[in-house]
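Shown next, in structure tokens, is the structure this report addresses.
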Ligand SMILES: CC(C)(COP(=O)(O)OP(=O)(O)OC[C@H]1O[C@@H](n2cnc3c(N)ncnc32)[C@H](O)[C@@H]1OP(=O)(O)O)[C@@H](O)C(=O)NCCC(=O)NCCS
């Protein structure tokens with residue numbers, strides 16, 4: 001039985017027997033490493049982080065718990081204090097997961113990607129290489145953010161419109177390579193932000209944005225109204 005047991009490797013560490021820990025890994029106090037966790041060489045796990053947490057859904061959720069999957073933390077990746085990385089998630093090397101972040105089941109974080117303080121990355125989200133996401137963002141299940149994107153703080157992608165006749169179908173948001181999303185932007189369900197596009201701070205994006213275009217406002221558009 002592969003249960004959590006106390007381990008002497010770090011203060012108050014709880015660790016399953018099958019956890020694989022590479023060379024030069026540092027582990028803080030009060031860390032929990034669930035079955036199937038693999039920590040790549042040089043990874044740093046800060047105090048109170050939980051890795052490989054089994055799938056759980058709240059009462060009333062339509063999502064079914066999934067079976068425990070291996071959870072891979074890439075070489076030299078940092079997992080911040082009190083971050084939770086769920087079963088089946090994985091990061092490439094040199095990734096960064098901020099303090100208090102939640103990375104849900106099966107999410108994929110690319111090499112050198114960064115997810116800031118208190119972000120939520122939903123199940124099966126994909127975050128590309130070199131993409132940097134600042135603090136307090138939220139991405140529902142299935143969101144795709146390709147490589148080299150810059151996402152400001154408090155950006156939220158939405159999963160359902162609540163609208164019976166919305167033009168944009170519910171579905172995952174896709175942010176293409178090199179796009180930049182300003183602070184506090186709301187991305188409505190199903191929109192695609194084209195490669196290299198820019199979205200101004202505090203915009204609500206209700207339609208897909210063409211590659212290379214700059215949009216701003218609510219609803220976000222390329223038009224800028226100037227007085228005089
Ligand atoms: C949208 C943005 C890229 C436009 O930059 P820009 O092309 O240099 O635009 P300007 O500053 O010349 O502004 C052009 C017009 O757009 C307006 N505008 C600029 N940003 C806006 C925004 N976010 N929402 C609504 N209108 C905006 C300006 O008021 C100006 O209108 P005016 O001429 O009538 O006064 C930029 O303003 C922005 O929002 N960047 C995001 C910054 C951010 O959130 N960074 C996060 C990481 S810290």
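Odds and ends about this structure:
- Flag for residue 143 being under 17 Å from residue 193 (Cβ atoms), away from the ligand (no atom under 16 Å from the Cβ) and surrounded by 21 or more Cβ atoms within 10 Å (Cβ to Cβ): yes
- Scanning segment 111-127 for residues that are outside any strand (DSSP E or B) and surrounded by 22 or more Cβ atoms within 10 Å (Cβ to Cβ) yields a total of 3.
- All positions within segment 179-218 that are part of a loop (DSSP other than H, G, I, E, B), within 14 Å of the ligand (Cβ to nearest atom) and within 23 Å of residue 136 (Cβ to Cβ): 179, 182, 183, 184, 185, 197, 200, 201, 202, 203, 217, 218
- Within segment 161-175, considering residues that are in a loop (DSSP other than H, G, I, E, B) and within 18 Å of residue 121 (Cβ to Cβ), the one farthest from the chain's Cα centre (by Cα): 171
Just so you know, all these numbers are worked out from the coordinates, no wet-lab data involved. The model shown is predicted, which means the values in this text are computed figures rather than measured ones. All Cβ positions, even for glycine, are placed from backbone atoms using ideal geometry, and neighbour counts span all protein chains on display.
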